[in-house]
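For reference, the structure is listed below as structure tokens.
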Amino acid sequence: MSGDVWNKIRAFRAADIARREGLYPYFRPFELNDGPEAIVDGRRVTMFGSNNYLGLTTHPKVREAACDAVRRLGTSMTGSRFVNGTMQLHLEFEERLARFFGRESALVFTTGYQVNLAACSALLGDGDVALIDRGVHASIYDGVRLGLANGARMVRFGHNSAESLERHLSRLTAAEGAFVLVDGVFSAEGEVAKLDELVPVIRSHGARVMVDDAHGLGVLGPGGRGTVHHFGLEADVDLIGGTFSKSLASVGGYLVGDRAVIDFIRHHAPSFMFAASGAPSSIAAAMAALEVMQEESWRIDQLRKNYTYMIRELTSLGFEIGPTSTAVVPIHIHDDARTLAVWRDLFEEHSVYTNPFVSPSVPPRHALIRTSYMATHEREHLDRGLEAFASVGKKHGVI
């Protein structure tokens, strides 16, 4: 008799143990999330665990765009973009995204995760090498695995290290095609990719590069265009991908680049070709959010003021926050159990909502509390959070 696939399920006890000890932070249901505050488990909390960077999920223009799309176009296209799921709305948004980023073409996806699956599966094949920063998002790893099935191979280079990337590129043969994939802003640590150091190395070897800028859009660069534009490298980066689920207050993803490349992905990526298209309400909301981001540029300025203030104050309290310079500000604790205890006490004792990152979502001894900030946080929200961080940090010996 063969083994039972379910054996691994019987052995899984970690979640139940964490629930019993009051240390389970996941799948908490929100009754209301109106931006800087939310109601979770019947408790009003200060929200430092959202990627709603510009505070647009409740913006009247964004809400009305979604509602109007449902009234006019229904709730779903019930099919893939490839056959019966493309709306004029999709095409209009793709044109706007291409203009916004100054690129020839854009492609809109149903999720941001799907962007990396599609790009990697379409572009990586036999004889190609994917070189990825060790700290990239899980979606890039999954996308590259699809490329491995096509005959490509994967190389991981040292985190944010142009020197490591140079070494690995130098070892490739003349016949191998190199595709470098990096995050613009690393999602757990808030660290900005050193594109000003990495891109010259990439170009010197004739390699191609894609930047996943999920956490850079609306946060960095002129007009909130992201990390690539922050460094003025828009002419040197082949593809920029991202998501609607952060600054654009919706669900979906985008990829921008040269027309021929985007068209190739459109016709060769199964995760795009055979997935249901983005719902009318999601596309309309993201398009409205992009408009608001440009019309109300004060949001980008206020966001930068808020996270700069928190970086300075958390540092002065003695927390280890690492090299972040974005709206994602981690508090490094290094121990999984202590990190969960800090998360619990912030929530239970101070009504402050944060995101704990413990292994395996981060490497062992890299556990942290991720905090993130919005343009709509008032100073009283930030100061309330600082009081909570100081109290709990001292209680658990973090500071």
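When L146, L107, L97 are checked against the criterion of being outside any loop (DSSP other than H, G, I, E, B), open to solvent by 30 Å² or more (accessible area, probe 1.4 Å) and at pLDDT 95 or above, a single residue qualifies: L146. Looking at the range 28-43, can you tell me whether even one residue there is under 12 Å from F347 (Cβ atoms), touching a residue at least 60 places away in the same chain (Cβ under 8 Å), open to solvent by 60 Å² or more (accessible area, probe 1.4 Å) and of a type outside the set (D, E)? Looking through the range 28-43, at least one residue is under 12 Å from F347 (Cβ atoms), touching a residue at least 60 places away in the same chain (Cβ under 8 Å), open to solvent by 60 Å² or more (accessible area, probe 1.4 Å) and of a type outside the set (D, E).
In the range 230-258, what residues are among the small types (G, A, S) and open to solvent by 10 Å² or more (accessible area, probe 1.4 Å)? G232, A235, S245, A249, S250, listed by residue number.
Close contacts from the range 341-355, counting a first residue that is farther than 17 Å from E31 by Cα and a second that is open to solvent by less than 30 Å² (accessible area, probe 1.4 Å) and of a type in the set (S, T, Y), with Cβ to Cβ under 8 Å and a gap of 6+ residues or different chains, come to W343/T354; L346/Y353; L346/T354; N355/T371; N355/S372. Taking each residue of the range 62-74 that is outside any helix (DSSP H, G or I) and looking for partners that are open to solvent by 30 Å² or more (accessible area, probe 1.4 Å) and modelled with pLDDT of 95 or more with beta-carbon atoms closer than 6 Å, six or more apart or interchain, yields nothing. Considering the range 356-378, and only residues there that are touching a residue at least 24 places away in the same chain (Cβ under 8 Å) and either basic (K, R) or in contact with an Asp or Glu (Cβ under 7 Å, 6 or more places away or on another chain) (or both), the residue that is surrounded by the fewest Cβ atoms within 10 Å (Cβ to Cβ) turns out to be R365. When S139, S187 are screened for being in contact with a His (Cβ under 7 Å, 6 or more places away or on another chain), in contact (Cβ under 8 Å) with a residue 40 or more places away in the chain and over 22 Å from D236 (Cβ atoms), only S187 passes. Of all the criteria given as (1) touching a Ser or Thr at 6+ places or on another chain (Cβ under 9 Å); (2) buried (at least 24 other Cβ atoms within 10 Å of the Cβ), the one not satisfied by V261 is (2). Total residues in the range 149-175 satisfying the condition of being open to solvent by 20 Å² or more (accessible area, probe 1.4 Å), in a loop (DSSP other than H, G, I, E, B) and under 18 Å from A122 (Cβ atoms): the figure is 2.
Tell me, which residue of the range 119-143 that is of a type in the set (D, E) and within 21 Å of the chain's Cα centre (by Cα) is surrounded by the fewest Cβ atoms within 10 Å (Cβ to Cβ)? Among residues in the range 119-143 that are of a type in the set (D, E) and within 21 Å of the chain's Cα centre (by Cα), the one surrounded by the fewest Cβ atoms within 10 Å (Cβ to Cβ) is D142. Can we say V209 is out of contact with any Lys or Arg (no Cβ under 9 Å at 6 or more places or on another chain), open to solvent by less than 10 Å² (accessible area, probe 1.4 Å) and at pLDDT 95 or above? So V209 fails the test. If you check G224, G278, G241, G253 for being at positive phi and modelled with pLDDT of 95 or more, only one passes: G224. Candidates are the residues of the range 72-94 that are open to solvent by 60 Å² or more (accessible area, probe 1.4 Å) and of a type in the set (D, E, K, R); the one that is farthest from H268 (Cα to Cα) is R72. Selection of the range 95-108 for residues being of a type outside the set (A, V, I, L, M, F, W, C) and in contact with a helix residue (DSSP H, G or I) (Cβ under 9 Å, 6 or more places away or on another chain) yields R96, G102, R103, E104, S105. If you go through the range 44-62 and keep only what is surrounded by fewer than 18 Cβ atoms within 10 Å (Cβ to Cβ), within 16 Å of S247 (Cβ to Cβ) and not polar (S, T, N, Q), you end up with just K61. The strands (runs of 3 or more DSSP E) found entirely in the range 6-53 that carry 2 or more residues being at pLDDT below 95 and not small (G, A, S) are 30-33.
The values are calculated or read from the model by the stated rules, or taken from the named source; none is laboratory data. What you see is a predicted model, and the numbers here were worked out from it, not measured in a lab. Cβ atoms come from the backbone with ideal geometry, glycine included; neighbour counts cover every protein chain shown. Protein only, heavy atoms only, side chains kept; ligands, DNA and RNA dropped before computing areas. Shrake-Rupley method; radii C 1.70, N 1.55, O 1.52, S 1.80 Å.
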